[in-house]
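What follows is a set of notes on a single structure, which appears directly below.
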Amino acid sequence: MIKELGKNLGFIAYKLGAEIAPATNTSYDASSAGSFALLLAALAQEADRAVETRMSDIEAIRALLPDDSALPLRPASWHLDDVNALHADALEQLIDVHRWAEENDAALDRAIWQFLNEHASRHALELG
Amino acid sequence: MLTQSEPILALGISAFHLHSHHNEAMTSKLEETIGKPLAGYLSRVWGIEVAVDSVSQIYGGASRQTYRIAIIADGEARNVILRRDPATSLIDTERRHEYLTYQAVYGTDIPVPEPLLLEEDATIIGGAFSLMAEIANCESAPAMLAESPYREHADKIGNQFWSLLGGLASRSPEDLGVDQFMDTPEHPAAHELAYWANVIRTDALHPQPIAEASIRWLERNLPAATNNLTLVHGDYRSGNFLYADDGEIHGILDWEMAHIGSPLEDLAWSLDPLWGNEAHIAGNLLPRQKAVEIWCAASGLTIDAQEFRWWQVFASLKGLAIWLSSAEDFHNGASKDAILALAGWVMTDRQNRILLDRISPAPRGDWAEPLL
């Protein structure tokens, strides 16, 4: 097991971008390797937090949905694909509720915008 | 997957920016697949002896490849730029659309590379292709605008950039002749919104609550149809023009998304915060308000503030649609080019935050200034 997966993926991304990419033979290959390095850096950020961010979204959305909404309490498993499936289900329901709230419930509309801001911050990538 | 076109993705990311001067030796693969067949083809078509000296690929979009090719034609050396569609592209190619647009604009005061040749027979080098003369000794990378000697010329470059766009807005589609091969929409804003909303709903791999809220906002605030139609570049931004180290702009590139529409579409797109590192500096060049003033002076047009706000929000939604489509292309397509995944993830993340700053009732203002 590699401990501190995100941090160590970040080191690999840095080596790829700073050491390997410049040593390639063409600027096309260098740019391609640089893009892979950035992608790896994004994956490094996501690795540690992927389940947490999605479950935080799901719980926040649950609080915005009607009491009788049919959103499962847990994903089918903790495999990321299953967490993503529940996350997609929650977002679909949120979109429907938001459409309704815009016309019918200003307070709920504001709460959903607040959620969307928090959601974007939770998932933000910082590759600066 | 995008069907209108796919722009070269000029990612505004600096972490591993590479500006290398590699020795661009022609690889044996490029020599076999492009160099040799192209030399034979050009010799036939031009009726002179043509040899290909080198071929190097330019990094950019994955579904439309761009190459710099050094040829020797009748003993004279010259560089050309070849753009190729993938072999699976439809017959009515993006190559033809872009090539005809280059022909329409070439010779006006809007600088573009000289279009040399269009070949839609996909069997020659594995896809329809076009050739253009290279505009040499120029940069196009957005990141270079922040580096010396270019940053010292930011004002000069910015003045030209938005003056040229204003000049484009001052011409009618009929003047340029683009109405001969482009559709004229009855309601440009409604037409563009319908197109890009459909891209999002077709291509998104995961539900998009911010995009959906943005589409509803745009539907509620749709401006009236305009009679002021012009040629819209469709991807007018930093990264799609060539500039020299004295600050002169020598070429506007990448016209494959060109269409007839509202002149405000290009202006809003060029000002999107995505194209710069600072929200208030458009394209790393000029303050947004200054850019708008230059455009107005060059175009002779005045701006309806409410309509322009609509186009600014639309620009961010269109960007989001392109990034979501890139992710879909990476996920389902044959190409596993990193740039598609990077755009589909990193740019989606940033564009979502820009949209939130634009239409959320309580914007944080971290990613976009208020709409102009």
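Taking the inverse of the mean reciprocal distance over all distinct Cα pairs, the Kirkwood hydrodynamic radius of the stretch B:142-359 comes to 17.9 Å. Label separation (A:ALA111 vs A:ALA63): 0.9 nm, computed from points 7 Å beyond Cα along the C-beta direction. Residues whose amide H lies under 5 Å from that of B:LEU286, counting only those 5 or more places away or on a different chain, are absent; hydrogens are built 1.01 Å from N in the peptide plane. The HN-Hα couplings worked out from phi for the stretch B:255-265 by the Karplus form 6.51 cos²θ - 1.76 cosθ + 1.60 (θ = phi - 60°) are 9, 5, 9, 4, 7, 8, x, 7, x, 5, 4 Hz, whole numbers, x standing for Gly and Pro. Hull volume per residue, based on the alpha-carbon atoms of chain B and their convex hull, is 138 Å³. Backbone amide hydrogens, once placed in the peptide plane, bring B:ILE58 within less than 5 Å of B:THR66, B:TYR67, B:ARG68, excluding anything fewer than 5 places away on its chain. Just how many % of Cα pairs in the stretch B:97-244 lie over 25 Å apart, if you round to the nearest whole percent? Considering the stretch B:97-244, 50 percent of its Cα-Cα pairs are separated by more than 25 Å. The mean number of Cβ atoms from other chains found within 10 Å of a Cβ in peptide B:338-346 is 5, as a whole number. With θ taken as phi - 60° and the Karplus curve 6.51 cos²θ - 1.76 cosθ + 1.60 applied, the whole-hertz 3J(HN,Hα) list for the stretch B:345-359 is 10, 5, 6, 4, 4, 6, 5, 4, 5, 4, 4, 4, 5, 8, 10 Hz, x standing for glycine and proline. The average projected area of the stretch B:298-372, computed from the convex hull of its Cα atoms over all directions, is 6.7 nm². Compared with the alpha-carbon gap, the fully stretched path from B:GLU278 to B:GLU31 is longer by 84.7 nm at 0.36 nm per residue. The packing ranking, built from the mean of other Cβ atoms within 10 Å per residue, places the peptides B:312-321, A:80-89 in the order B:312-321, A:80-89, highest first.
Using only alpha-carbon positions in the stretch B:261-314, the gyration tensor eigenvalues give semi-axes of 18, 13, 9 Å once each is multiplied by 5 and square-rooted (largest first). If you wrap the tightest convex hull around every Cα atom of the protein assembly as shown and split its volume per residue, you get 155 Å³. When you restrict to C-alpha pairs under 8 Å that are six or more residues apart and normalise by the size of chain A, the relative contact order lands at 23 percent. For B:MET132, what accessible area in Å² do you get when you roll a 1.4 Å probe over the heavy atoms of the protein chains, rounding to the nearest 10? Answer for B:MET132: close to 10 Å² accessible.
Here the spin labels are modelled as points 7 Å beyond Cα on the Cα-Cβ line, and at A:ARG99 and B:HIS250 they lie 5.2 nm apart. Would you list which aspartates and glutamates come within 16 Å of B:LYS336, measuring only between C-alpha atoms, while excluding same-chain residues fewer than 8 positions from it? Cα-Cα hits under 16 Å: A:ASP29, B:GLU6, B:GLU328. Listed values for the stretch B:136-152 are Karplus-derived 3J(HN,Hα) couplings in whole Hz (6.51 cos²θ - 1.76 cosθ + 1.60, θ = phi - 60°), namely 7, 6, 10, 10, 10, 5, x, 5, 5, 5, 8, 10, 5, x, 6, 4, 5, and x replaces Gly and Pro. To the nearest 0.05, what FRET efficiency results for A:ALA18 and A:GLU126 with a Förster distance of 22 Å applied to their C-beta separation? Result of the calculation: an efficiency of 0.80.
The values are calculated or read from the model by the stated rules, or taken from the named source; none is laboratory data. Note that the coordinates shown come from a computational prediction; the quantities given were computed from them, not determined experimentally. FYI the Cβ positions are ideal-geometry reconstructions off the backbone, even for glycines, and counts take in every protein chain you see. Surface areas here come from the heavy atoms of the whole protein model, side chains and all, with no ligands, DNA or RNA. Shrake-Rupley method; radii C 1.70, N 1.55, O 1.52, S 1.80 Å.
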